[in-house]
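The structure under discussion appears below in the form of structure tokens.
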Amino acid sequence: MSTLRERSPVAYALAGPVTLWMAAALVAPTLFIVWVSLWTTRTFSTANPLGVVNYVRFFHRPAYVKVLADTVEQALLLMAITGLVGYGIAYFLAVKVERPGVRLALFLAFVIPFWTSALIRTIAWIPFLGVGGVINTALLALRVVDRPVEAFLFSRAGITLAQVSFYTLLAAGPVVYTLRNIPRSLREAAHCLKASPLRVFWRIVLPLTLPGIVIGQILVFLNVMADFATAQAIGGHKLAYLGNLVIMLYESGQLPFASVIAVLLMACMLAGVAVLLKVVDVRRLGAP
Amino acid sequence: MIGWRTRQRVVKVALGALTLGFLAYQWMPILTMGLLSFTGPDGGTTFPMRGVSLHWYRELLRVQSVDDFKPPMARSLALALACSLTTAVFAVAAAQAMRARFRGSGAFFYLVLLGVMAPGLLVGFGIALITRVLGIPLAWYSTTFAVHLVWTLPFGFLTMLAVFNRFDRRLEEAGLTLGASRLTTFRRITLPLVLPGVIGSALFGFTLSFDEFARSFFSTGSEQTLPLVIYAQFDRQLQPTLYALGTLTTVVSLLAVGSAIALLRGSARRTLTTRP
């Protein structure tokens, strides 16, 4: 029993405005992009004849296809790095730290930057990466290099360094959750039955945390695919991902072509999520 | 062969080093920016610091005309406030509706969560296209507000679902059994008990909207919000004023999220102690 009867009409009245808002500000605009991408002339009008001419144009330009490949490659690279680092951190926080207070403090230090501005965090990386930046100063002082490395700012390496610091949390968070849900008795039982610690991890802990890993990987994949600000700020105008391409084409007034890029980006994101969900039934997450 | 105890300790130390190393890596740029924002008037955007001063903060307040950040700051604050209030109201409504398990609540759940999954830049892009066809002008208080709420609402919604999940239903039942109407029970029993969660949702909504950039990019008209103004600075020579601004906004976000977490934790502890 609660303050609302089961299937009460009031529930529809409460859910209605939210549904309408999501439909008008999220679903309709997204579907509209698909429609615009099929417009065959540059004039912005719903009277446009429909066709796939802009899609054909995209795939005939190797430079554009390369941007698509670069974007997917960057996402896969980030998934690999944040997956490994994130699992290690999650395992430490959820299993190895015994004092609840210490665990909470470390966990908060880990998640709080997520709630601050990503843009500001990107700016904060710039003094680190430049020729006179902190990393180069440190490398010079330690005599690892004898000349400043120019490759950090305006490069893939710099973008990757910054993105790892932004997105590792997304990979680790769901793993922390699944690790905390594994009953201690399960591991103890395996140890009693003389399984080696490595075997316990491999046969029990890892399979049980798989849903968390997959959700984390989905979050990292979606965020890196859609990230354009890091590339813009750290990569300068030398590097572009699909998001940057949408902006460039929008600013030059090629709206249907910009929509084609947007649709391809969304299609890649959906395909990636579909593949990842094949790995594991995420709906089982939360079940013991 | 080394004993299992030693091996476990080695794993613990290695993972602990990884975690602490990552935390340093994650916080170092933010703290460096904070430190460099206090550099002297001759200081630049990197080390070494030239003296310590509040020069760049004063500069922020002084600058007029094009680089004046105060109007965008006011817009961002107003927008974040509107988003936080709307998020709180909608999140409670949506979570209450979910508790009644209405027909289609499964689809409704995914519809709301779609707001987190959808790429922000493209949602804004879609809004810019559709409003162009419909002849609606872009503005921070209308179109930007619409797409920000799509982003902030799911977080409030999930927070409220979690709060209702550990909520002691017997207190509501007691109210209803004693003859209070459902509305009175909600107003006098349910709402006061979940209030910390509601305020938490509002604060999350505030900081998420205040810092949001990708969704604002295409959806905001000529009157820009703070993140857009900051972004426009990227193409110019960086100045420590940007660090001062970054430090200020980070402090605002940290205060909002810190209070939200404190509230939610405090209420969790109270709920646990009232249980037998």
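A compact table of results
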item: Inter-chain Cβ neighbour average for residues B:206-218, partner chain, 10 Å; result: 3
item: Label-point separation, A:Ala63 to B:Asp42 (7 Å along Cα→Cβ), nm; result: 4.5
item: Cross-link partners of A:Lys238 among lysines (Cα-Cα below 30 Å; sequence separation of 8 or more within a chain); result: A:Lys66
item: Chain B: angle of helix B:105-117 to the longest principal axis, Cα-based, in degrees nearest 10; result: 10
item: Highest-first arrangement of B:193-204, B:249-260, B:170-181, where packing means the average Cβ count within 10 Å; result: B:193-204, B:249-260, B:170-181
item: Cut-off under 5 Å, modelled amide H: who pairs with B:Thr39 long-range; result: B:Ser53
item: The stretch B:55-134-the stretch A:36-69 distance, computed between alpha-carbon centres (Å); result: 30
item: For chain B: relative contact order, % (alpha-carbon pairs under 8 angstrom, 6 or more apart); result: 28
item: Modelled FRET efficiency - R0 35 Å, B:Arg103 with A:Tyr55, Cβ distances, 0.05 increments; result: 0.35
item: Estimated 222 nm signal from helices in the protein assembly as shown, with DSSP H stretches of n ≥ 4 weighted -39500 (n - 2.57), rounded to 500; result: -23000 deg cm²/dmol
item: Cut-off 13 Å between beta-carbons: net charge of the residues surrounding B:Ala74, Lys and Arg +1, Asp and Glu -1; result: 0
item: Rounded to whole Hz, the Karplus (6.51, -1.76, 1.60) HN-Hα couplings of the stretch A:264-270, x for glycine and proline; result: 4, 4, 5, 4, 4, 5, 4
item: Residue-count net charge about A:Gly253 - beta-carbon cut-off 15 Å; Lys, Arg +1, Asp, Glu -1; result: +1
item: Cα long-axis angle, helix B:191-211 against chain B (0 to 90 degrees, to the nearest 10); result: 30
item: Residues B:Trp4, A:Trp125, sorted so that the one with the fewest Cβ neighbours within 10 Å comes first; result: B:Trp4, A:Trp125
item: Chain B: angle of helix B:70-99 to the longest principal axis, Cα-based, in degrees nearest 10; result: 20
item: Gyration tensor (alpha-carbon) shape descriptor, chain B, a/c threshold 1.5; result: oblate
item: Cα centroid separation, the stretch A:208-255 to the stretch A:178-206 (Å); result: 37
item: Summed side-chain charge close to B:Leu15 - residues other than B:Leu15 whose Cβ falls under 12 Å, Lys, Arg +1, Asp, Glu -1; result: +3
item: Debye intensity ratio in log₁₀ form over the Cα atoms of chain A, taken at each q of 0.10, 0.16 Å⁻¹; result: -0.76, -1.29
item: Cβ neighbours within 10 Å from other chains - mean over B:15-25; result: 6
item: Distance between modelled label sites at A:Arg199 and A:Glu98, nm, 7 Å Cα→Cβ extension; result: 2.6
item: Label-point separation in nm, B:Leu195 to B:Leu176, each point 7 Å along Cα→Cβ; result: 2.3
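Each value in this text was obtained by applying a stated rule to the coordinates, not by laboratory testing. Owing to the predicted nature of the structure, the values given are computational and were not obtained by experimental measurement. Cβ: placed from backbone, ideal geometry, glycine included. Neighbour counts: every protein chain shown.
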